[in-house]
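First the structure, in the form of structure tokens, and then the observations on it.
The values are calculated or read from the model by the stated rules, or taken from the named source; none is laboratory data. Predicted, not measured: the structure shown is a model, and the values here were computed from it. Quick reminder, even Gly has a Cβ in these numbers, built from the backbone with ideal geometry, and neighbours come from all protein chains shown.
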Amino acid sequence: MSVVSAPRYLTRFQCLAEACEDTCCAGLVVPVSESRWSILRGLVAGGPDAARVEELVVKDAGSGTGAEAAYVTKREDGNCSFLDERKLCSLHRKYGEVALPDACAMFPRVATRRAGRLEVTGSFGCPEVVRLCLLAEDALEQVAVDTSLVARPEVARALEGEDAWMVHAARVRDVALGILERREFPFASRLFMLGELARRLGSFYFRGTEVFREEGAEELLTRTLATFEVPETLAALHVAVSGVSLPGGPWAGICGTVLRARLGAVGSERFARWARAVLASYGGPQALPEEVWARYGERRARLEPVLGDRVEQYFRHHAMNHWLRHPFTDAPSVLDYVFKLALRAAVLRWALFGHPTVVALCEREDLQPTEEARALLDAAAVECFQLSAKHLEQSSELHALAQGLSGGAGPESLPRMLVLLQGL
């Protein structure tokens, strides 16, 4: 029997159902496997819902039989066609969990199998997962859990392979998570450390590498990883990146570009309201990047001395959960993965400081670290991180921008990443 582990926050998760500020299926395509399609048809056969299922579950001509034989159609507002007036799933209400496609039964849990272990993490597309992950200091502690937490362990993704890229992935991830936890360094410095680690690995450890067929490659990997567990190495990298000062206008321009590109592409009115409010707080979509940077700098100078530790926790937990939720082995290299993580963090930071609630906090004449101020900041952070995860972070626009900014994630990507670290 596999060992099952999860971050502590998932053991506290309970679906908020109709009380949630979002719905699981909003804006997402729900695939239906051949087996689940058959089960659903059997459940509704001969009843009043049979015709609805035939109409609303549509064969996916591009996938054929197998994992994604069909998909559930969406309404004009982007929500699932089976969502009822209470924002609940009508299929689940009438037929139970067995009627759900795998994606619905699992969400917001994500399960992967690696090295004989079953790992469960949470998707930031769920507001309650974001709340639990960002706000509790012990949220990311790994704990043993019962298999029942996984819902459907049989659909867990297998992250296995005999090539060096996969075999050594757990070691690389452990070192990366360790760097992110080094709270004595600013968050931007930690991202730079990850970038430098990725740069040093890039010549021999990447997807498709054949270097490990030669003698000495594993020893080189071990030495490289060990270097980034030495405090003196990390301290030197912190000093190096702290001495870099670049104009902030390009940083602000990049962040605004991502949000503006998605504003017209996402059907969610909740996302649109949030995005428009963030852009308006910086002077509107046409504001000059230098003006946006100045506004951001003023807010940062007001908020960080008072609630900076809280903001640091948000970004540390987000980054750590990202390493757990999204395998870096899906990227062509570690540097490609780290560069995109830095871009996501930059956009998130810019959006958070443009949230109307945060703007109002920064405008207080005597801002204090009260419970009320922290609760307001927490609520704004949950909204920013959740909407970003659902509508920004995995978008084609962000990936294309990252590719262009990085220059293809070669060795020159690390100097280019310094621009993204300016506002962090």
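For the reader, a short list of remarks on this structure follows.
- When the residues of the stretch 124-180 are filtered to those that are among the basic types (K, R) and outside any helix (DSSP H, G or I), the one that is surrounded by the fewest Cβ atoms within 10 Å (Cβ to Cβ) is R157.
- With a requirement of 1 or more residues that are in contact with a Ser or Thr (Cβ under 7 Å, 6 or more places away or on another chain) and over 25 Å from V266 (Cβ atoms), the strands (runs of 3 or more DSSP E) lying completely within the stretch 1-106 that satisfy it span 3-7.
- Single unsatisfied condition, R270 versus (1) buried (at least 16 other Cβ atoms within 10 Å of the Cβ); (2) in contact with a helix residue (DSSP H, G or I) (Cβ under 6 Å, 6 or more places away or on another chain): (2)
- Any chance V120 is in a strand (DSSP E or B), among the hydrophobic types (A, V, I, L, M, F, W, C), buried (at least 20 other Cβ atoms within 10 Å of the Cβ) and not assigned by TED's automatic domain parsing to the domain that holds I39: yes
- Filter result (in contact (Cβ under 8 Å) with a residue 12 or more places away in the chain and assigned to a loop (DSSP other than H, G, I, E, B)) within the stretch 223-244: F228, E229, V244
- Matching residues in the stretch 329-341 - criterion: being among the hydrophobic types (A, V, I, L, M, F, W, C) and either surrounded by fewer than 20 Cβ atoms within 10 Å (Cβ to Cβ) or assigned by TED's automatic domain parsing to the domain that holds P127 (or both): A331
- Test for R344: is it closer than 19 Å to V130 by Cα, buried (at least 17 other Cβ atoms within 10 Å of the Cβ), without any contact (Cβ under 8 Å) to a residue 60 or more places away in the chain and out of contact with any helix residue (DSSP H, G or I) (no Cβ under 6 Å at 6 or more places or on another chain): yes
- Considering residues of the stretch 107-117 that are touching a helix residue (DSSP H, G or I) at 6+ places or on another chain (Cβ under 7 Å) and not in a strand (DSSP E or B) only, the residue modelled with the lowest pLDDT: A115
- Residue that is nearest to Q313 (Cα to Cα), among those in the stretch 369-424 that are of a type in the set (D, E) and in a helix (DSSP H, G or I): D378
- Filtering the stretch 312-324 to residues that are within 8 Å of the chain's Cα centre (by Cα) and either free of Cβ contacts under 8 Å to residues at least 60 places away in the same chain or surrounded by fewer than 19 Cβ atoms within 10 Å (Cβ to Cβ) (or both) leaves only H322.
- Residue list for the stretch 1-10, restricted to those being exposed (fewer than 14 other Cβ atoms within 10 Å of the Cβ) and closer than 23 Å to H322 by Cβ: V3
- Qualifying positions in the stretch 316-346 - aromatic (F, W, Y) and closer than 16 Å to G125 by Cα: W323
- Any chance T222 is in contact with a helix residue (DSSP H, G or I) (Cβ under 6 Å, 6 or more places away or on another chain) and at pLDDT 95 or above: no
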